[in-house]
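Q: Take a look at this one; I'll ask things after.
Laboratory data are not the source of any read-out in this text; all were calculated from the coordinates shown. All values reported here derive from a predicted model rather than from experimental measurement. Positions of Cβ are generated from backbone atoms using ideal geometry, with glycine treated the same way; all protein chains shown enter the neighbour counts.
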Amino acid sequence: MKILVVDDEPEIIAHVTQALSEQRYIVESALDGEEALDKIFNTPYDLILLDIMLPNVDGFTILKEIRQAKISTPVLMLTARDSVEDKIMGLDWGADDYLAKPFSIYELMARTRALLRRASDNSDSLLMAGDVILDTISRRVTKGNQSITMTPREFSIFEFLLYNKNRVISRFNLAEHVWGDDFDPFTMSNFIDVHIKNIRKKINDKNIIKTVRGIGFVIEDQTGNSVCKKHPANR
Amino acid sequence: MQIRHKINLWITSLGLLVNLVLASIILFEAIELPYEALDEELEIEIREDLKPPDGIITGQDFNPQFFSDQLDFDELYWIKVLDKDQNTVFVSKLARHIEIPFHDKQEAYNCDIVVPEYSAFYNQKHGGNINEAVHEKNRKGDFKKIIIPFRINRFKIDMGETFFYIQIARSIEDIEAEINELIHIVVMGFVVAAAILMIFSYLLTNKILQPIIEINALAREISASDMSRRIPLGKNKDELYHLSKSLNSMFDRLQQSFAGQKQLVADAAHELKSPITMLLLFIERSMERQDLPLEYSKGLIIQANILRRMSRLVKNLLDISILELKDSLSIETFDLDAMMAKILDDFEMVFEASGIQIKKKIPPGYRMKGDREKIQRLLINLVDNAAKYNCDKGKIKIACTPENHCLRISVWNTGPGIPEQDLKNVLKKFYRVEKSRSQRHGGSGLGLTIVNKIAQLHGGHVIMESEADTWCRATVILPL
């Protein structure tokens, strides 16, 4: 999977590149609009993370040009401008998703994976943890042959944790993801525990979602990888 | 008062004043004129008729028959002649029936005289002749008395050595009738003139104000919708041309400053949010490192939360700046009831955890017009506040009542309330009733400011009411 990150801040590119590389994606970057267009027209990417405010050519123009050139690579807009008009404009011009700065790396990971899965085959739409399978397209959870009914909010939390396997997700991140921008995540993060408790009860397995005291929650990959081995819960 | 009415009033009242003065002069002259003519008539009557006859000069042998011969000509006049010793020398026919006291005035004057209804005068006036029988009856007081105005004048006539006083009078009933008619006509004319003046001034005011009204409507339209439009300039370089020009240059500056502010908000968003993003990414990635001492990983969590608080604050501040730009509304019609139900659903956990009872009173399926995203933000902020600043096992009442010209959305909650002196200030930026309370709840002090701005953007306003330690209510009033 090849991802292009376009942003005028090298710091942001560095962090995003590092985080994506850890997930075994191949990441390239561009610091301005012209460079970005150059790369997009010369290399086939699987996903483009695109900032709007860029030197030379802005993100909206890039989006318009690549869509006019019939390049259908999924585009995730990253921007500091989060007015409704900007969002609508971006989505109208063919962006696939929209993430407002400042964003959490976990939110970025979840959206990246969701976009990549949506673009690829349906078989990729399944997320697994132990014997529990979550289908991101039909939005169903099954355990073995049994179907599990979850509320939209529980599903959203479970999906977010699965997208960020092996990463410890704070209550705050979960609250922000589930309730969105307008709500005060400081109020809502207190109620994440209740939802986690309900999910555990429904999947009837206390070990899939682990609590990391003082930090948050994590779903560990049973097959194991480098990140999870280092985790304090495993120490 | 509208300027239209002012101009109307001025033109009408000035016109009426001129009209009034003119009418008064005309009336005054017109009333005086017939009397002057009458006085002249009476004097000529006497002077012409009583030219001293030749040869009769001496007083003693003066024949009173002279007066009868000369003066008993007309039944229209009341004439009485006295000699120098105040003895009656001659009485005209009319004077035999009607008593008019002799007067010492030098000037002619009007006097109301009581006259028997069937007096000679009366008959004469109606074409009859003086009837002695009627006269007799009159003396006995058998007839009704009526009052008739007379013009009375007195002359002193020299007849050689002796002289006579002559008092002459004439009924002015007809003249008065004429004068009354004249007054009537003048008053009618005055009323008609006033009406014409009002209509004229109304039309004139319209004519003068029409271009101003047009310019005003256009200016309002421009400031409400499209700042890039301008008022078309007329061909004549008159005052209106200059007004339009001034307005246009004002719009230029406004448009520039709006664009400038928009650019500033966009720049600030970029310049503030990018560093926060970098810090957040760094901190989140550092938190994944498992080889850090415990105090450092705890420190990172705290820092991440501080950073998020800051990021939220920046977001709210930028939101307020955007809300101050008038043209950021996108109006649509949506189901307010459903929106509120969804928000309450999101808050369900919060209510459950603190045992808050909630009551919602919104007309089912009520559709309102407004900016959906912004109204949602407004409602969330109100409910969030009501939940945060509530007491344990408290209550929240949400009501939405469409009234004649406005929609009233009120959120009432139990709790510590807001002290009276702070009620006005809670809508201001960063105003907190109690610093510690707000930090405990994680608020930024901008929630109600945003509510207020959104209400203002929709042309409405917010009313805060509270009773300390008991309840608090925020009411948003939006025009329909």
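Q: Can you tell me how the range B:351-434 classifies by the Cα gyration tensor, rounded, prolate or oblate, using a/c under 1.5 as the rounded cut?
A: It comes out oblate by the Cα gyration axes.
Q: Sticking with this one: Radius of gyration and Dmax for the protein assembly as shown's Cα atoms, expressed in Å?
A: In Å, with Rg to one decimal and Dmax whole: 51.6, 168.
Q: Would you work out the relative contact order for the range B:351-480, in percent, from Cα pairs under 8 angstrom that are 6 or more residues apart?
A: Value for the range B:351-480: 27 percent.
Q: Counting only residues 5 or more places away or on other chains, whose amide H sits under 5 Å from the amide H of A:I52 once H atoms are built in the peptide plane?
A: Under 5 Å from the amide H of A:I52 lie the amide H atoms of A:L78, A:A80, each far enough along the sequence or on another chain.
Q: With a cut-off of at most 15 other beta carbons within 10 Å, and DSSP calling the residue loop, which trypsin sites (Lys or Arg not before Pro) in the range A:64-118 qualify? Please list them.
A: A:K70
Q: Rounded, prolate or oblate: which fits chain A, taking a ≥ b ≥ c as square roots of the Cα gyration tensor eigenvalues, rounded meaning a/c under 1.5, else prolate when a/b beats b/c?
A: Here chain A falls in the prolate category.
Q: Give me the percent relative contact order of the range A:40-128, please, defined on Cα pairs under 8 angstrom at least 6 residues apart.
A: In percent, rounded to a whole number, it is 27.
Q: What list of ³J(HN,Hα) couplings, whole Hz, do you get for the range A:149-162 from phi and the Karplus terms 6.51, -1.76, 1.60, once you set θ to phi - 60° and write x for glycine and proline?
A: Using θ = phi - 60°, the values come out as 8, 10, 6, x, 5, 5, 4, 4, 5, 4, 4, 4, 5, 5 Hz.
Q: If you don't mind, another one. Please tell me the relative contact order of chain A in percent, rounded to the nearest whole number, where contacts are Cα pairs under 8 Å and at least six residues apart.
A: Over chain A, the number comes to 12 percent.
Q: Work out the mean other chain Cβ neighbour count within 10 Å for the residues of B:406-418 and drop it here as an integer.
A: 0
Q: Label the range A:1-66 by shape, choosing from rounded, prolate and oblate, from the square roots a ≥ b ≥ c of the eigenvalues of the Cα gyration tensor; if a/c is under 1.5 it is rounded, and otherwise prolate applies when a/b is larger than b/c, oblate when it is not.
A: oblate
Q: Check the straight Cα-Cα distances from B:K369 and name the aspartates and glutamates below 12 Å, setting aside those fewer than 8 residues away within the same chain.
A: Excluding near neighbours in sequence, the set is B:E332, B:D335.
Q: Taking 31 Å as the cut-off for C-alpha to C-alpha distance, list the pairs among A:K64/B:K453; A:K64/B:K374; A:K87/B:K453; A:K87/A:K202; B:K273/B:K429 that go past it.
A: Too far apart for the 31 Å limit: A:K64/B:K453; A:K87/A:K202.
Q: Fewest first, what order do B:C400, B:C391 take by the number of other Cβ atoms within 10 Å?
A: The most exposed by this proxy come first: B:C391, B:C400.
Q: Just how large is the dipole of the protein assembly as shown about the Cα centre, in debye to the nearest 20, putting +1 at every Lys and Arg Cβ and -1 at every Asp and Glu Cβ?
A: 6300 debye
Q: Cα centroid distance between the range B:381-420 and the range B:193-254, in Å?
A: Between the Cα centre of the range B:381-420 and that of the range B:193-254, the gap is 45 Å.
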